[in-house]
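Encoded as structure tokens, the structure appears first; notes follow it.
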Amino acid sequence: MHKLRKVARTERLIQKMHNNVIMVNLLEYEGKALFKKYNIRIPAGKVIHNEKGVPAFKKEKVLKAQVPTGHRGKNGGVVIVKDSADARNAIKTMKKINFDGFFSKDFLLEDKVKHPTELYLSIALDRSKRAPVLLASDRGGVNIEEIPKENIFIFTLISKNNSLGITNLIEQELFTKLNLEKDTREAFYELIDSMWRLYQEEDAELVEINPLAVLKNGFIALDSKIVIDDDALFRHPDIKVPLSTDPLELAAKKQNMSFVRLGGDIGLIANGAGLTMATIDMIAEKGGTTGDFLDLGGTDDPKKVAAAVGLIANLHPKALLINIFGGVTKADTVAEGIVAAVDSLKPDFRIFVRLSGFGTEKGKETLRKKGIDAYDGADEAINAVVSYTRKSLGQRGKL
Amino acid sequence: MSILIDKRTKVIIQGITGHQGTFHSEAMLDFGTNIVAGVTPGKGGANVYGVDVYNDVKSAIKKTGANASVVFVPAQYAKSAVFEAIDAGIKLIVIITEHVPSHDMIDMLIHARTNGARIIGPNCPGIATPGIAKLGIIPNQTLKKGKIGVISRSGTLTYEIVNTLSKAGLGESTVIGIGGDKIPGTTFVDALGLFGEDKDTDAVVLIGEIGGGAEEEAAEFIKNYFKKPVVGFIAGVYAPPGKRMGHAGAIISGNSGTAQSKIAAFESAGVTVASSPDKIPVILNRALL
């Protein structure tokens with residue numbers, strides 16, 4: 001049902017370094033489909049995939065680009081259109097706009113909703129409190145960072161006696177703080193309950209309505225921002241994460257590895273997000289630049305290691321550094337995989353290997369027989385690879 | 001003395017018959033861990049490296065008096081395994097499993113709090129006290145008895161740093177890998193609190209990485225309450241910066257999350273930040289003079 005989009009490249013990169021995952025940010029119309037499922041009112045509207053899909057109309061409507069990133073309005077992604085010709089033109093223009101690395105393929109054409117006031121409302125996972133929180137403000141319609149702190153009401157949704165959820169007390173208090181009309185009380189409580197059910201049942205990490213239109217008799221969600229916990233996707237088979245369009249990323253993913261392009265000289269294979277990041281840092285500190293890197297994750301299959309070397313070989317780095325700390329991954333297994341890859345690929349770059357942990361001695365012996373440099377310390381190995389690439393590049397690297 | 005585990009810690013392994021469970025049980029036994037039972041539903045009666053396997057935690061406890069558990073079960077079943085352990089009376093649970101849904105983790109955390117149990121992890125290398133026991137997957141040969149407490153969000157980077165400490169002759173009192181997930185059962189601050197009370201810990205190494213605000217909170221705690229020397233390390237200084245999201249996450253986590261913010265927070269709390277792992281022992285030796 002929901003087609004999902006990648007988040008911006010930089011965010012994805014950090015995400016992948018951590019957990020080999022893509023954060024699942026729903027598009028506005030996908031989020032609104034969920035709102036509908038949970039009886040949260042949304043404006044009448046239609047999803048448009050291309051100019052031909054624009055229906056005939058002759059009154060003012062709102063046309064919105066569908067991209068999984070914030071600040072869409074400021075970048076020209078939300079416009080008022082007066083008829084279908086106007087909408088078609090607007091779509092043509094919007095298709096060319098770069099929204100923080102995203103281009104809109106789909107568009108949402110919605111009826112305008114006349115409303116005197118707008119609220120901000122969300123349920124989010126607060127990592128620091130290790131609890132969901134309810135956030136609300138009577139200054140909706142702008143990004144939450146721009147709302148003054150004193151206008152944001154925050155409720156932690158785990159109580160002192162450890163019960164989880166939104167109590168009536170919280171609802172009442174919030175209703176009063178937001179100065180809402182008496183007639184909307186029931187509708188407000190129902191809305192909060194629906195948001196909570198959506199948050200819980202869909203494994204959301206964020207359910208945000210901003211702006212929320214306040215009408216005489218109730219509320220309409222004018223926008224949606226929903227983030228689903230990718231680790232819970234096994235419970236939501238209807239949510240499909242799109243595959244990457246990068247063939248190397250795909251190949252890595254198939255083997256349960258994270259592959260990221262950084263654009264420097266030294267190809268890197270390491271195991272574990274923290275060690276991979278620390279290695280990139282150490283290469284940079286010593287004046288080298290990391291090219292593409294693979295986080296091998298844990299493995300005891302030499303074939304996976306060989307596949308990793310093969311993947312990097314496709315990109316012809318100046319040199320390849322393999323930094324393995326054996327634990328789940330055994331150093332001798334890694335060595336076997338490297339030798340297998342060298343035998344079959346005959347790579348055109350030099351390989352520097354650092355092995356430590358389980359199986360180091362055996363692994364180093366395997367590599368030595370093949371004439372591959374093996375180091376005990378990360379520091380030594382990184383010094384060697386950086387000085388090699390800088391020499392081979394005629395000191396091109398930054399000094 | 002050490003934190004969380006001692007000679008009386010009797011350990012069960014949930015998911016002992018799986019590939020990882022079996023492999024690491026052997027390593028834990030080699031380390032001297034008192035593993036009294038394994039639990040895998042439907043595999044009761046089996047035996048793994050001399051450890052009897054039971055169908056459920058309750059019968060394992062009844063037979064052995066176990067009081068701690070290491071969980072290797074797949075992410076989908078982690079919550080029910082942990083609930084089972086808590087309900088059976090286990091007070092210390094180490095979750096090695098990665099990709100545990102955050103909603104499940106919230107439920108587990110609440111259940112643990114209500115029953116006076118502590119969770120470490122998920123997605124973590126566990127804890128180890130050289131000379132006593134290891135509940136997790138930190139490679140045995142990296143560990144050495146000593147007086148440095150280590151707290152880390154990372155996996156292999158922890159091994160790297162522990163190895164560096166051991167090779168430099170410093171050694172560790174206890175190593176705690178709290179895990180890199182959004183909702184950790186035990187936080188940096190929790191672990192610092194424990195090390196603060198521990199007579200056998202002279203100094204602490206805190207290993208953080210980019211993302212979230214855990215390091216900033218740790219810095220705040222150190223500034224106000226922690227008296228022992230602390231050396232910090234942050235991975236990801238050269239990782240590309242994250243983006244502003246324009247949603248609730250931004251207001252909840254504030255400006256924290258970047259390597260610069262974490263390093264600044266550490267430094268303002270008097271924590272020396274090492275620029276690479278191999279510099280940590282030198283800084284520690286200076287601090288312990």
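The values are calculated or read from the model by the stated rules, or taken from the named source; none is laboratory data. Only a predicted model underlies this, so the values are computations on that prediction, with no experimental measurement involved. Backbone-built Cβ (ideal geometry, glycine too); neighbour counts: all protein chains shown.
Kindly indicate whether A:ASP83 is over 30 Å from A:LEU178 (Cβ atoms) and modelled with pLDDT of 95 or more.
Taking the combined requirement at face value, the residue satisfies it.
So, in the stretch B:151-173, exactly how many residues are in contact with a Leu (Cβ under 7 Å, 6 or more places away or on another chain) and more than 12 Å from every other protein chain (Cβ to nearest Cβ)?
Here the count works out to 4.
Identify, by number, the condition in (1) crowded, with 16+ Cβ neighbours inside 10 Å; (2) outside any strand (DSSP E or B); (3) among the basic types (Lys, Arg) that A:ARG354 doesn't meet.
(2)
Of all residues in the stretch A:244-270 being at the interface with chain B (Cβ under 10 Å from one of its Cβ atoms) and in contact (Cβ under 8 Å) with a residue 40 or more places away in the chain, which is nearest to the chain's Cα centre (by Cα)?
So the residue we want is A:VAL260.
Kindly list, by first and then second residue, each pair from a residue in the stretch A:232-243 that is basic (Lys, Arg) to a residue that is modelled with pLDDT of 70 or more and buried (at least 17 other Cβ atoms within 10 Å of the Cβ), limited to pairs with Cβ atoms under 7 Å and residues at least 6 apart or on different chains.
Taking only residues 6 or more apart or on different chains, the pairs are A:ARG235/A:ASP203.
Evaluate the following for B:THR97: is it of a type outside the set (Gly, Ala, Ser), within 14 Å of another protein chain (Cβ to nearest Cβ) and touching a Pro at 6+ places or on another chain (Cβ under 6 Å)?
The answer is yes for B:THR97.
Regarding the stretch A:141-153, can at least one residue be identified that is hydrophobic (A, V, I, L, M, F, W, C), within 15 Å of A:MET195 (Cβ to Cβ), within 10 Å of another protein chain (Cβ to nearest Cβ) and assigned to a strand (DSSP E or B)?
No: the stretch A:141-153 contains no residue that is hydrophobic (A, V, I, L, M, F, W, C), within 15 Å of A:MET195 (Cβ to Cβ), within 10 Å of another protein chain (Cβ to nearest Cβ) and assigned to a strand (DSSP E or B).
In the stretch A:281-326, what residues are of a type in the set (Lys, Arg) and either assigned to a helix (DSSP H, G or I) or under 11 Å from A:GLY264 (Cβ atoms) (or both)?
Once the filter is applied, which keeps residues that are of a type in the set (Lys, Arg) and either assigned to a helix (DSSP H, G or I) or under 11 Å from A:GLY264 (Cβ atoms) (or both), the stretch A:281-326 yields A:LYS303, A:LYS304, A:LYS318.
Among the strands (runs of 3 or more DSSP E) contained in the stretch B:90-186, which hold 3 or more residues that are more than 11 Å from the chain's Cα centre (by Cα), farther than 30 Å from A:ASN162 by Cβ and assigned by TED's automatic domain parsing to the domain that holds B:ALA214?
Strands (runs of 3 or more DSSP E) meeting the threshold: B:145-152.
Considering only the stretch A:329-340, how many residues are crowded, with 24+ Cβ neighbours inside 10 Å and among the hydrophobic types (A, V, I, L, M, F, W, C)?
4
Is there a residue in the stretch A:330-348 that is under 18 Å from B:GLN20 (Cβ atoms), out of contact with any Leu (no Cβ under 7 Å at 6 or more places or on another chain) and assigned to a strand (DSSP E or B)?
no
Taking only the stretch A:262-277 into account, find how many residues are buried (at least 24 other Cβ atoms within 10 Å of the Cβ) and in contact with a Gly (Cβ under 8 Å, 6 or more places away or on another chain).
So the answer is 9.
Those residues that are among the β-branched types (Val, Ile, Thr) and surrounded by 24 or more Cβ atoms within 10 Å (Cβ to Cβ), I need them from the stretch B:1-55; list them, please.
Selection gives B:VAL11, B:ILE12, B:ILE13, B:ILE16, B:THR33, B:ILE35, B:VAL39.
Give me the pairs: first residue in the stretch A:271-291 and closer than 20 Å to A:PHE325 by Cα, second residue part of a helix (DSSP H, G or I) and polar (S, T, N, Q), beta-carbon distance under 8 Å, and six or more apart or on different chains, which are they?
Close Cβ pairs satisfying both conditions: A:ASN271/B:THR156; A:GLY272/B:THR156; A:ALA273/A:ASN19; A:GLY274/B:THR156; A:GLY274/B:THR158; A:LEU275/B:THR156; A:THR290/A:THR279.
In the stretch A:125-145, what residues are at pLDDT 90 or above, over 18 Å from A:PHE188 (Cα atoms), crowded, with 22+ Cβ neighbours inside 10 Å and of a type in the set (A, V, I, L, M, F, W, C)?
A:LEU125 - this is the single residue of the stretch A:125-145 that is at pLDDT 90 or above, over 18 Å from A:PHE188 (Cα atoms), crowded, with 22+ Cβ neighbours inside 10 Å and of a type in the set (A, V, I, L, M, F, W, C).
Does the stretch B:108-123 contain at least one residue that is under 27 Å from B:ILE283 (Cβ atoms) and not aliphatic (A, V, I, L, M)?
Looking for residues that are under 27 Å from B:ILE283 (Cβ atoms) and not aliphatic (A, V, I, L, M), one finds none in the stretch B:108-123, hence no.
For the stretch B:188-230, which positions are outside any strand (DSSP E or B), under 19 Å from B:ILE161 (Cβ atoms) and of a type in the set (Val, Ile, Thr)?
B:THR201, B:ILE210, B:ILE222
Anything in the stretch B:165-175 that is more than 24 Å from B:GLU216 (Cβ to Cβ), surrounded by 24 or more Cβ atoms within 10 Å (Cβ to Cβ) and hydroxyl-bearing (Ser, Thr, Tyr)? List them, or say none.
Once the filter is applied, which keeps residues that are more than 24 Å from B:GLU216 (Cβ to Cβ), surrounded by 24 or more Cβ atoms within 10 Å (Cβ to Cβ) and hydroxyl-bearing (Ser, Thr, Tyr), the stretch B:165-175 yields only B:SER173.
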